[in-house]
Amino acid sequence: MSRVVSQTKSASVNPLKSSQPLGAALAFLGIDGAVPLFHGTQGCTSFALVLFVRHFKETIPLQTTAMDEVTTILGGSDNLEEAILNLKTRTKPKLIGVCTTALVETRGEDSAGDIADIRLKRAEELAGTEIVLANTPDFSGALEEGWSKAVTAMIEGITRPGERARQSKKIAILPGWNLTVADIEHLREMVESFGLHPVILPDLSGSLDGTVPDHWVPTTYGGTSVEDIRELGAAEHCIAICEHMRRPAEVLHKVTGVPYVLFESLTGLKDADQFVSLLSRISGEPVLAGVCRRRAQLQDALLDGHFHFGGKKIAIAAEPDQLYQYATFFVDMGSEITAAVTTTDMSEILEKVPAESIQIGDLGDLETLAGGADLLVTHSHGRQASHRLGIPLMRVGFPVFDRLGSQHKLSILYQGTRDLVFEVANMFQADRHAPTPEELDPFRKRETPGGPRSSPLARH
Amino acid sequence: MTSLSAKIQDVFDEPACDKNRGKDAKARKEGCARPLTPGAAAGGCAFDGAKIVLQPITDVAHLVHAPLACEGNSWDNRGAASSGPTLWRTSFTTDLTELDVVMGQGERKLFKAIREIKEAYAPPAVFVYSTCVTALIGDDIEAVCKRAAEKFGLAVVPINAPGLAGSKNLGNKLAAEALLDHVIGTVEPDDAGPYDINILGEFNLSGEFWLIKPLLDRLGIRVRACIPGDARYTDVASAHRARAAMVVCSTSLINLARKMDERWDIPFFEGSFYGISDTSQALRDIARLLVRKGADPEILGRTETLIADQEAIAWNKLEVYRARLQGKRVLLNTGGVKSWSVVHALMEIGMEIVGTSVKKSTVEDKERIKQILKDDNHLFEQMAARDLYAMLSEGKADIMLSGGRTQFVALKAKTPWLDINQERQHPYAGYDGMVELVRQIDLAIQNPIWSQVRERAPWDCQPGVKDEQPSTKNETATVHSAQEFAGTTPTISASVEEIR
């Protein structure tokens, strides 16, 4: 059980978080024919857009209600209406995902009421377009909460309520934001190998997987269809992945009666085993030979890789579910989590993170706590800390803007865990130092290996 | 807010701005803010603009007083380079929580944040940026900064440019106002000399100012302050003792140049370091202004010698590319190409300009473009992504030069593309920079991937195979979901239709 240490600084140094509306927008980007719309000033959208583009290297449809000083004083409902109508005319989306920002939430806008009015007043013009609202002020939460709220809002707003006849073999899957495009593709193949039909919500593997469409599309292309969201209640089962998907899974259960199972992570042999067993049980089908083979490959990777992991000190900064995913992976390989930093103390999963203490904080905290670690694990913004501390950085999560292909990196089930074992083992091998007589001299000044590093604060 | 409104009025009424001069009194009063269309707007906010202008000052701690998004979604994202301090790349924000906002703890948190930064980093100055939420809840950052400056004995500068005030360009100007109000003139240099200049609006992207500085060094000209590229706080604070100034990116910092001229008698000119002839002209103008201010006129002759040497070397290097780039068609899609000498140099080696955006260009600029291009049809205000995509996918250009915003329009249209905006990877300023730009254009156009990505799959080329839309991931996903609903969704073709 870990101890959660709350933040006492007033100045956040090198933020770990990306904002909550950005997380919601990301979820909407996993829907076919969607455009996320930030209800705020143009800057809120511009910053998020640039960050998305830097990470995904794709065109990202993302729009703004373009609030300014006057509309902030008078109220933003006209801007919201105009934006929705403009988007409808210009891009003909199937879904407009409205994400509020700190500006309109501080002002106390009743965005839900406004949207209800707009839908009523403009019913004819807006026919064929769903409008979903996620209340996502920047002053609380981060990616995880935003993503979770958007998925919940889509289920509440679009999924047909009430108990339905269950379609046999149909499985609803609600993945956390930290599953990559490759993860989702792999997940789908695995589920289908049991003869099951997965509906994945949201599905970034359709929209942000780096394909080249043959015509210009102003909305997302690919992803979960709105129709699929509407018919989600006909699923036999729901599988939610990550603690932050508990809420949408519960709402789906409440609205349609679909039972759910929640996996806290799909990384690691044990979790993969449980997931595969569940699929086998639900489908009544045996596990295919190919899956067994991948499992055996993972076992072999654990055997080959464990030499490199044993006793290693790992410093991780990530949102709660991703922190749990990677911390358990490393601990299961024989490493130790010597620094764990996360964005919020609100997640239940933190209790289960195998680290002595978890700091609520930023990358400045990671840099302070990571002295003596063998590996930093966080997103690309960890590069400065990595450079200053001289500790290699494994880039995970969002944003990853200085390496290509982060969305095609697999991190779940047997194959993804195997890939992770190799990736990390190779980083350690690449970073190996040749022994020197001074280091090994029994009379050397005996400090803890790695030594307490000087404070990064002194380095400027 | 009232002082902010006054400031905005003031910067909109910019007598040194070509565009503004062309307006009548009424239009001038309305300012140059274009009303944004909700749902169809692009571009950054005033805070973004202020940060862009100030953040490259390398030894300052830049503290953003805001909820997370303003800084958390945007830090360390620009390619300015520093020859020394790295503090500017460390991100500081008060990261206001719901509790801070509701309980009105913003000002107190800000004050404590300044203290923490002072204690941990001891910077020469802290710049404090106000944002939408902190402006809305009425945090008085000027008062907090004043109090903190007194208490901690360091410069604490309020940057009053909340996002809701307007566009990125307005933010540029409000940042300049903050420098005028609080920074420039606060430090007296002990080494002022007759060859001291300021360069305003040079960002040192990819270190490109380092392609220029040695030229100035060679002439014995000292850069007192380059604002903001690779600047130190004290450079900026003592910039009022320069003898002359050059404004590089005039739309952003023209107000700074004019007011420094008024206040400290520092004459300025607008110039550019992009392209060969513009670089030469800039060097000439700098020398001339210095002579006007009392420097020894012999510098003029030395400048000409240097220019002649450097131009000869550059043209020599460019000649190599003529055969490779002759007749290649360039589409320029950027806010406003300030430097027509880049266009001139590209045309000089045989390239053809098939279009250029003139969104931010002045009337004079447009006239100049028309003369160079000899065809009005090649001018466009702004092209919608869809039209741009159409133009490129029809093969009407061999390369597009633009900023990151339209990068993927070009790439998805399978057209070579080169970044000429702030995220670019290569330095393009000066003589060597121009050669580098042409080299990069050549590398982009001649890359062997283009024939590969444009090639259709062999099985798609056979006659009789449907040719409307070759299979993309997009379709397989839909086809796949159609299979799931075999009972309810009639056919695959219906769902393919649906995604179009």
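In the range A:394-416, which residues are within 17 Å of the chain's Cα centre (by Cα) and not hydrophobic (A, V, I, L, M, F, W, C)? A:Arg395, A:Gly397, A:Pro399, A:Gly405, A:Ser406, A:Gln407, A:His408, A:Lys409, A:Ser411, A:Gly416 - these are the residues of the range A:394-416 that are within 17 Å of the chain's Cα centre (by Cα) and not hydrophobic (A, V, I, L, M, F, W, C).
The criterion of at least 1 residues that are modelled with pLDDT under 95 and not β-branched (Val, Ile, Thr) is met, among helices (runs of 4 or more DSSP H) falling completely within the range B:189-284, by B:250-264. From the list B:Asp95, B:Asp59, B:Asp48, B:Asp76, the lone residue that is of a type outside the set (A, V, I, L, M, F, W, C), within 7 Å of chain A (Cβ to nearest Cβ) and closer than 24 Å to B:Ala148 by Cβ is B:Asp95. Taking into account only those residues within the range A:372-413 that are more than 12 Å from chain B (Cβ to nearest Cβ) and of a type in the set (Lys, Arg), which is farthest from B:Ser91 (Cα to Cα)? Looking at the filtered set, the residue picked out is A:Lys409.
Among the residues of the range A:37-77, the one identified as of a type in the set (Lys, Arg) and in contact with a Leu (Cβ under 8 Å, 6 or more places away or on another chain) is A:Lys57. In the condition set (1) surrounded by 23 or more Cβ atoms within 10 Å (Cβ to Cβ); (2) within 7 Å of chain A (Cβ to nearest Cβ); (3) of a type in the set (Phe, Trp, Tyr), B:Trp88 is compliant with all but (2).
Of all residues in the range A:99-121, those satisfying the criterion of being buried (at least 16 other Cβ atoms within 10 Å of the Cβ) and in a loop (DSSP other than H, G, I, E, B) are A:Thr101, A:Glu109.
When the test is whether a residue is more than 13 Å from every other protein chain (Cβ to nearest Cβ), part of a loop (DSSP other than H, G, I, E, B) and charged (D, E, K, R), A:Glu163 passes it. Scanning the range A:367-388 for residues that are in contact with a Gly (Cβ under 7 Å, 6 or more places away or on another chain) and assigned to a helix (DSSP H, G or I) yields nothing.
For every residue, the table says whether it meets (1) under 24 Å from B:Arg232 (Cα atoms); (2) modelled with pLDDT of 95 or more.
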site	(1), (2)
B:Asp59	yes, yes
B:Ala80	yes, no
B:Arg108	no, yes
B:Ala120	yes, yes
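Count of the range A:37-56 residues, restricted to those that are crowded, with 24+ Cβ neighbours inside 10 Å and closer than 19 Å to A:Gly210 by Cβ, is 3. Among the criteria (1) in contact with a helix residue (DSSP H, G or I) (Cβ under 7 Å, 6 or more places away or on another chain); (2) crowded, with 24+ Cβ neighbours inside 10 Å; (3) away from chain B (no Cβ under 12 Å), the one A:Thr256 does not fulfil is (2). Filtered by the rule that a residue be at the interface with another protein chain (Cβ under 7 Å from one of its Cβ atoms) and in contact (Cβ under 8 Å) with a residue 24 or more places away in the chain, the range A:204-248 gives A:Gly206, A:Asp209, A:Pro218, A:Tyr221, A:Gly222, A:Ser225, A:Asp228. If only residues of the range A:325-351 that are in a helix (DSSP H, G or I) and in contact with a helix residue (DSSP H, G or I) (Cβ under 6 Å, 6 or more places away or on another chain) are counted, the one that is surrounded by the fewest Cβ atoms within 10 Å (Cβ to Cβ) is A:Glu348. The set of residues from the range A:231-251 being more than 15 Å from A:Leu278 (Cα to Cα) and in contact with a strand residue (DSSP E or B) (Cβ under 7 Å, 6 or more places away or on another chain) comprises A:Leu232, A:Ala234, A:Ala235, A:Met245, A:Arg246, A:Pro248, A:Ala249. Within the range A:55-84, the set of residues being facing chain B (nearest Cβ under 7 Å) and either among the polar types (S, T, N, Q) or not in a loop (DSSP other than H, G, I, E, B) (or both) comprises A:Thr59, A:Gln63, A:Thr64, A:Thr65, A:Glu69, A:Thr72, A:Asn79, A:Glu82, A:Ala83, A:Ile84. Within the range A:2-21, is even one residue hydrophobic (A, V, I, L, M, F, W, C), more than 8 Å from every other protein chain (Cβ to nearest Cβ), under 21 Å from B:Cys45 (Cβ atoms) and crowded, with 22+ Cβ neighbours inside 10 Å? No. Every test in (1) under 19 Å from A:Ala102 (Cα atoms); (2) surrounded by fewer than 24 Cβ atoms within 10 Å (Cβ to Cβ) is passed by B:Pro38 save one, and that test is (2).
Counting only helices (runs of 4 or more DSSP H) that sit wholly inside the range B:44-126, those with at least 3 residues that are small (Gly, Ala, Ser) are B:46-54, B:106-121. Restricted to helices (runs of 4 or more DSSP H) entirely inside the range A:180-291, those with at least 3 residues that are of a type in the set (Val, Ile, Thr) and not assigned by TED's automatic domain parsing to the domain that holds A:Pro399 are A:181-192, A:246-256.
Applying a threshold of 6 Å to beta carbon distances and a minimum spacing of six or more residues, or different chains, the list of pairs starting in the range B:70-90 at a residue that is closer than 16 Å to A:Gly43 by Cα and among the acidic types (Asp, Glu) and ending at one that is crowded, with 19+ Cβ neighbours inside 10 Å and at pLDDT 95 or above reads B:Glu71/B:Val64; B:Glu71/B:Ser91; B:Glu71/B:Thr93. B:Leu99: surrounded by fewer than 18 Cβ atoms within 10 Å (Cβ to Cβ) and at pLDDT below 95, yes or no? Against the criterion (surrounded by fewer than 18 Cβ atoms within 10 Å (Cβ to Cβ) and at pLDDT below 95), B:Leu99 qualifies.
The values are calculated or read from the model by the stated rules, or taken from the named source; none is laboratory data. Remember, it's a predicted structure, so these values are computed and weren't measured experimentally. Positions of Cβ are generated from backbone atoms using ideal geometry, with glycine treated the same way; all protein chains shown enter the neighbour counts.
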